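A quick write-up on the structure given underneath.
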Amino acid sequence: MPLAERLLLLTAWAHEGGTGDETTGLTLAGAELLELVLAGRVNIRNGSIRTTGSGERPTTVLEGLAEEFEANEPVEAADWIGGNAGRVRDACLRNLMERGLVHEQRKRRWGFWPVRHYVVEPGAQQSTVDELREFATGSDSAREVVALAELLRTAELLQDVLPEAEAREVARSLDENDGDTTVREAVGKAVEQVRLAVQTATTAGAFVAVTNT
């Protein structure tokens, strides 16, 4: 299962049907980009996404994403993340619902406002939660688990997915991880761009709020 789908599945499960805030959406797009980085299809250099012309076949939520980058000029990573958050979230939900892992429910908030909730199939998240716990104990350092844990921390979701003590252990393991240096650097660069996209979105929101007062 792609990183973005695993991240959204955990979010909907932990938030009882919610799909997270703007930061979560941007992190989902960052997860999609990170799939290409881990597969060696693109790298992030000076904040720009550049294709490598090689690498493994990536597992992404968006079909043909690697080819999409290869067919176009280099783009700023933070800009791509900011511009594709909604697209990735929608694709994740569609894929998860098609596979029966998530079910959409429509309700009315305060009896008036229509809202959508996404109920996770019982147990669908358990294998991923178990992997995070194994990572916390040092028994699982697969690159995908390291990447997922770092994305959860970036979106401030670790403490929602795991009890506080276990979330702290995952964070400690991330800081002390002695695994593949190349993977750590790749994850770090992608996460840096997620944070930049979050900062940009926050600044833009603050500017709109000021100009509208």
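Of note:
- Note that region 1-91, at 25 °C in a medium of 0.890 mPa s, gets a Stokes-Einstein diffusion coefficient of 184 µm²/s from its Kirkwood radius over C-alpha pairs.
- Theoretical gain in end-to-end length, Arg106 to Arg45 [0.36 nm per residue, Cα-Cα removed]: 17.7 nm
- Near-label residues of region 1-37 by backbone N, under 16 Å of a point 7 Å along Cα→Cβ of Thr59: 1-10, 31-37
- Projected label points at Glu192 and Arg172, each 7 Å from Cα along the beta carbon direction, are separated by 2.8 nanometres.
- Residue with peak Gaussian network fluctuation, the chain [Cα springs, cutoff 10 Å], from Gly25, Gly17, Gly100: Gly100
- In the elastic network of the chain, a GNM with C-alpha springs shorter than 10 Å, the most mobile of Ser54, Ser173, Ser141 is Ser54.
- The H on the amide N of Val75, modeled in the peptide plane, is under 5 Å from the matching H of Ile49, each at least 5 residues off or on a different chain.
- In this calculation the C-beta distance from Arg87 to Ser141 is compared with R0 = 30 Å, giving a FRET efficiency of 0.45.
- Using the 1.4 Å probe convention, the accessible area of the chain works out to 53 Å² per residue with neighbouring protein chains retained.
- Sites excluded, GluC sites (Glu not before Pro) in DSSP loops with at most 12 other C-beta within 10 Å, longest stretch of the chain: 64-213
- Extension gain, Thr202 to Glu67: 0.36 nm times the residue separation minus the Cα-Cα distance gives 45.5 nm.
- Here the sum of -39500 (n - 2.57) over DSSP H runs of 4 or more residues, divided by the residues of the chain, equals -19500 deg cm²/dmol at 222 nm, to the nearest 500.
- Counting only protein heavy atoms and a probe of 1.4 Å, the accessible surface of region 1-160 is 44% carbon and sulfur.
The values are calculated or read from the model by the stated rules, or taken from the named source; none is laboratory data. Note that the structure is a prediction, hence the values are computed from the model and not measured. Note that each Cβ is placed from the backbone with ideal geometry, even for glycine, and that neighbours are counted across all protein chains shown. All accessible areas refer to the heavy atoms of the entire protein, side chains included, with ligands and DNA or RNA removed. Shrake-Rupley method; radii C 1.70, N 1.55, O 1.52, S 1.80 Å.
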